[in-house]
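The values are calculated or read from the model by the stated rules, or taken from the named source; none is laboratory data. As the structure is a prediction and not an experimental result, all values here were calculated from the model. All Cβ positions, glycine included, derive from the backbone under ideal geometry; neighbour counts span all protein chains shown.
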Amino acid sequence: MNLLFTNDGRGSYPDSWYAATAQPLPPFPPLKGQATADVCVIGGGYTGLSTALHLAERGYDVVLIEAHRVGFGASGRNGGQVGSGQRLEQDQLERMLGRETARKLWDLGEEAKHLVRDLADRHGIDARFRPGIVHACWRKSELPHTQAYAEKLARDYDYPHVEFLDREALQAICPSPAYHGGDIDRGAGHIHPLRFALGLAKAAADAGVRIHEGTLATEITEGATVRVTTEEGEVSARHLVLACNGYLGRLSTKVAARVMPINNYIAATEPLGPRAAQVLTQDVAVADTKFVVNYFRLSEDNRLLFGGGESYGYRFPADMEAVVRRPMLEVFPHLRDIRIDHVWGGTLAITMNRMPCFTRLAGNILSASGYSGHGVAMATLAGKLLAEATAGQAERFDVMAQVPTPRFPGGSRLRTPLLVLAMTWFSLRDRLGL
């Protein structure tokens, strides 16, 4: 099953609030015939666009191919949260890799946040960055660790921007009966993800990148010159970057064994007007601690953008609205009468340990993917690191590549049923409050 075409019309953005509030770029032409380049990039999301832009700024001749439209996938559909650090907390990374490497990973995560804002400022991208992400605790038992972790970041990582919130303080920001407290990270923030992706594409094209939309890669032939076969042509390049994330398909079995696509869903309500204060009293984003995470924020026109809900299998459910409305009403039962104007699904990619998979597949083939819901900042930085490594400066890429990304047990055939079992158990645990 090719997820590129399983749930979406070819070459069209989903009916999302993001697509309704972004100015689309004129289509880039499909690749027809032969093309040569220094570097071929497969994938027009944050990873691929950032890679192409940074390489073009270094003087490389770059061809980027995208099966649909730039920003079509998770980069144009996600919750827009620009989070701090890595997907795993620093104490987990210290146990896994030692304090020195954990510190390097933290610093890369901080650079990733700054890079998003810098690129938006430098290229005039109207991504509308707003500071503040709240982490809301679903269980009261999580509060001691939440408070201790905020103290650890200030003490050990010189990061004083996380403030612990008891129940009353959290309720003052997010008046939901579902949460017991949490923290707020004023150094993190949120953006309009599709506008950011489109802005990166325009910046890359302006820098000389040859972008081809509607161009599906069907085969890769390794060698001193890499050949990428497409439906109507071929790209020959000295270097190749795989930036496909959840839409990798069969292009690399090595990456597919470690990076698994999953679906997630977001709804945009009608404008809430004065009732927006019943959701959030500040212009911040929220993510909670459920295994199947709920994440939400207010749009610039005061809609609730709410992401959550699980489904099994790779086809989007027939009633995505029902899938999202159930957890939305668990968090905000007082919004039962609110109309939903947009609902959309998207495919992201996870790894076994939720850390991204950076890997060198051959001397001249690099890949980064599997951001596990932490991709707005890290995928953008991944592009910069991929560009550095392609240019022969691989030290920072290698810091990420040394993080172990285990294979999913059972390979690609059994990873989905095993994930279903895990998600069933953890979602049951969430509902029982265990």
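Give the range 395-414 a look and list any residue that's outside any helix (DSSP H, G or I) and without any contact (Cβ under 8 Å) to a residue 12 or more places away in the chain, or say none.
Going residue by residue through the range 395-414, those that are outside any helix (DSSP H, G or I) are 402-410.
Result: 409, 410.
The set of residues in the range 108-141 that are crowded, with 19+ Cβ neighbours inside 10 Å, part of a helix (DSSP H, G or I) and of a type in the set (D, E, K, R) contains only 113.
Considering only residues in the range 363-393 that are in a loop (DSSP other than H, G, I, E, B) and either out of contact with any strand residue (DSSP E or B) (no Cβ under 8 Å at 6 or more places or on another chain) or closer than 20 Å to residue 117 by Cα (or both), the one that is modelled with the lowest pLDDT turns out to be 373.
Contact map, the range 306-328: residues that are farther than 17 Å from residue 15 by Cβ paired with residues that are polar (S, T, N, Q) and in a loop (DSSP other than H, G, I, E, B), Cβ distance under 6 Å, separation 6+ or inter-chain. Pairs shown: 308/294; 327/294. When 159, 247, 179 are checked against the criterion of being under 26 Å from residue 113 (Cβ atoms), more than 22 Å from the chain's Cα centre (by Cα) and buried (at least 23 other Cβ atoms within 10 Å of the Cβ), a single residue qualifies: 179. Kindly establish whether residue 172 is out of contact with any strand residue (DSSP E or B) (no Cβ under 6 Å at 6 or more places or on another chain), at pLDDT 95 or above, outside any helix (DSSP H, G or I) and outside the structural domain of residue 38 (by TED's automatic domain parsing). No, not satisfied.
On the basis of being modelled with pLDDT of 95 or more, over 18 Å from the mean Cα position of the chain (by Cα) and outside any helix (DSSP H, G or I), does residue 360 make the cut? Here the answer is yes, as residue 360 does meet what is asked. Of the residues making up the range 186-220, just one is farther than 28 Å from residue 232 by Cα and either out of contact with any helix residue (DSSP H, G or I) (no Cβ under 9 Å at 6 or more places or on another chain) or among the hydroxyl-bearing types (Ser, Thr, Tyr) (or both), namely 186. Exactly one residue out of 332, 316 is of a type outside the set (Ser, Thr, Tyr) and in contact with a Leu (Cβ under 8 Å, 6 or more places away or on another chain): that is 332. Have a look at 286, 279, 292 and point out the one that is hydrophobic (A, V, I, L, M, F, W, C) and modelled with pLDDT under 95. Residue meeting the stated conditions: 292.
Tell me, yes or no, whether the range 321-336 has at least one residue that is on the phi > 0 side of the Ramachandran plot and either outside any helix (DSSP H, G or I) or surrounded by fewer than 23 Cβ atoms within 10 Å (Cβ to Cβ) (or both). Full working, then the answer.
Of the residues in the range 321-336, the ones on the phi > 0 side of the Ramachandran plot are none.
Within the range 321-336 (the criterion being on the phi > 0 side of the Ramachandran plot and either outside any helix (DSSP H, G or I) or surrounded by fewer than 23 Cβ atoms within 10 Å (Cβ to Cβ) (or both)), the answer is no, since none of the residues qualifies.
Every test in (1) under 30 Å from residue 353 (Cα atoms); (2) outside the structural domain of residue 319 (by TED's automatic domain parsing) is passed by residue 231 save one, and that test is (1). Determine the pairs where a residue that is modelled with pLDDT of 95 or more, located within the range 16-34, has a partner that is among the hydrophobic types (A, V, I, L, M, F, W, C) and part of a loop (DSSP other than H, G, I, E, B) with Cβ atoms under 8 Å apart, the partner being 6 or more residues away or on another chain. Here the result reads 25/70; 28/70, each pair linking the range 16-34 to a residue that is among the hydrophobic types (A, V, I, L, M, F, W, C) and part of a loop (DSSP other than H, G, I, E, B).
Could you list, in sequence order, all residues of the range 139-169 that are of a type in the set (Phe, Trp, Tyr) and closer than 9 Å to residue 182 by Cα?
The one that is of a type in the set (Phe, Trp, Tyr) and closer than 9 Å to residue 182 by Cα: 164.
Those residues that are more than 21 Å from residue 406 (Cβ to Cβ), surrounded by 22 or more Cβ atoms within 10 Å (Cβ to Cβ) and not hydrophobic (A, V, I, L, M, F, W, C), I need them from the range 338-383; list them, please. Selection gives 346, 380, 383. What residue, among those in the range 23-75 that are among the aromatic types (Phe, Trp, Tyr) and surrounded by fewer than 24 Cβ atoms within 10 Å (Cβ to Cβ), is nearest to the chain's Cα centre (by Cα)? Among those residues, the one meeting the criterion is 28.
If only one of 316, 291 is part of a loop (DSSP other than H, G, I, E, B), hydrophobic (A, V, I, L, M, F, W, C) and farther than 20 Å from residue 180 by Cα, which one is it?
Details: 291 fails: farther than 20 Å from residue 180 by Cα.
Selected residue: 316, the only one of 316, 291 that is part of a loop (DSSP other than H, G, I, E, B), hydrophobic (A, V, I, L, M, F, W, C) and farther than 20 Å from residue 180 by Cα.
Every test in (1) assigned to a loop (DSSP other than H, G, I, E, B); (2) in contact with a helix residue (DSSP H, G or I) (Cβ under 8 Å, 6 or more places away or on another chain) is passed by residue 104 save one, and that test is (1).
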